[in-house]
Amino acid sequence: DAGVIQSPRHEVTEMGQEVTLRCKPISGHNSLFWYRQTMMRGLELLIYFNNNVPIDDSGMPEDRFSAKMPNASFSTLKIQPSEPRDSAVYFCASSAETGNSPLHFGNGTRLTVT
Amino acid sequence: QKEVEQDPGPLSVPEGAIVSLNCTYSNSAFQYFMWYRQYSRKGPELLMYTYSSGNKEDGRFTAQVDKSSKYISLFIRDSQPSDSATYLCAMSRDSNYQLIWGAGTKLIIKP
């Protein structure tokens, strides 16, 4: 079991540029979550997919953020245009089913927008 | 007031000590309680998972839930330097996508 795989591990970009973060969930898991973690706000849920369908995107901060899950083994989170306040660690997590199965997190993408 | 309160620390204790980490919450509807451990530059990993009230033990770790006081605890016995990490509590009413997270407590175990 390779776990949840995220890429890139680090991303440094200039304000205004497009950023795409990638996630491969654990095989067989049908729920996928994108979180953002900052010192000030802690862990925040951005969007939740179940069976590749977005169920709750109320945590997506602005229209600049979008997420897709074209198939069960891949998801992207895109920020366009990026701003310095988007700097954070972005985590992808997956779980085996809805309800209360534990979340398995990737090691995150550390995004710095200058 | 936040739904879940957790002291960010840092909490520094000597190796071998018993550690007590705590969270308080305000929503009496929470039924599922979790503790995650997060090492530096890593994602959170599930440590303990408890439903409703009571205790759960796993090796050196014990999770305790007191719903009447809206208070949960994680105890670590015989603490080791490898236990140095941030510990996050999380809880929900009925769904893992509606987890409410604590801010995390940074724990430092001194050799």
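Computed from the coordinates by the stated procedures, all read-outs in this text should not be read as laboratory data. As the structure is a computational prediction, the values presented were derived from the model and not from experiment. Don't worry about glycine lacking a Cβ; one is built from the backbone with ideal geometry, like all the others, and counts go over all protein chains shown.
Some notes on this structure:
- The protein assembly as shown, Rg to Rh (Cα coordinates; Rh as Kirkwood inverse mean 1/r): 0.97
- Each of A:23, A:92 was scored by other Cβ atoms within 10 Å of its Cβ. Arranged with the fewest first, they read A:23, A:92.
- Inter-probe distance in nm under a simple model that places probes 7 Å from Cα toward Cβ, at residue A:22 and residue A:51: 2.8 nm
- Order of A:77, A:103, A:32 under a 10 Å beta carbon neighbour criterion, fewest first: A:77, A:103, A:32
- The Cα atoms of chain A cover 37, 28, 27 Å along the three principal axes, with the biggest extent listed first.
- With 10 Å bins beginning at zero, the pair-distance distribution over Cα atoms of segment B:1-51 amounts to 18, 46, 32, 4 %.
- Segment A:34-100 and segment B:1-53 have Cα centres spaced 23 Å apart.
- Cβ-defined net charge surrounding residue B:63, 10 Å radius [Lys, Arg +1; Asp, Glu -1]: -1
- Whole-number D in µm² s⁻¹ for chain B, Kirkwood Cα-pair radius fed into Stokes-Einstein, 10 °C, 1.306 mPa s: 114 µm²/s
- Computed over chain A with a Gaussian network model linking Cα atoms closer than 10 Å, the most mobile of A:12, A:89, A:53 is A:12.
- 5 angstrom amide H check on residue A:87, placed H, neighbours 5+ away: A:113
- In this structure, the pairs whose alpha-carbon distance is over 24 Å, taken from B:2/B:110; B:42/B:110; B:56/B:106; A:24/B:42; B:2/B:56, are B:2/B:110; B:2/B:56.
- Shielding by other protein chains, B:89-101, mean Cβ within 10 Å: 5
- Packing-based exposure ordering (other Cβ within 10 Å, fewest first) of A:60, B:91, A:39: A:39, A:60, B:91
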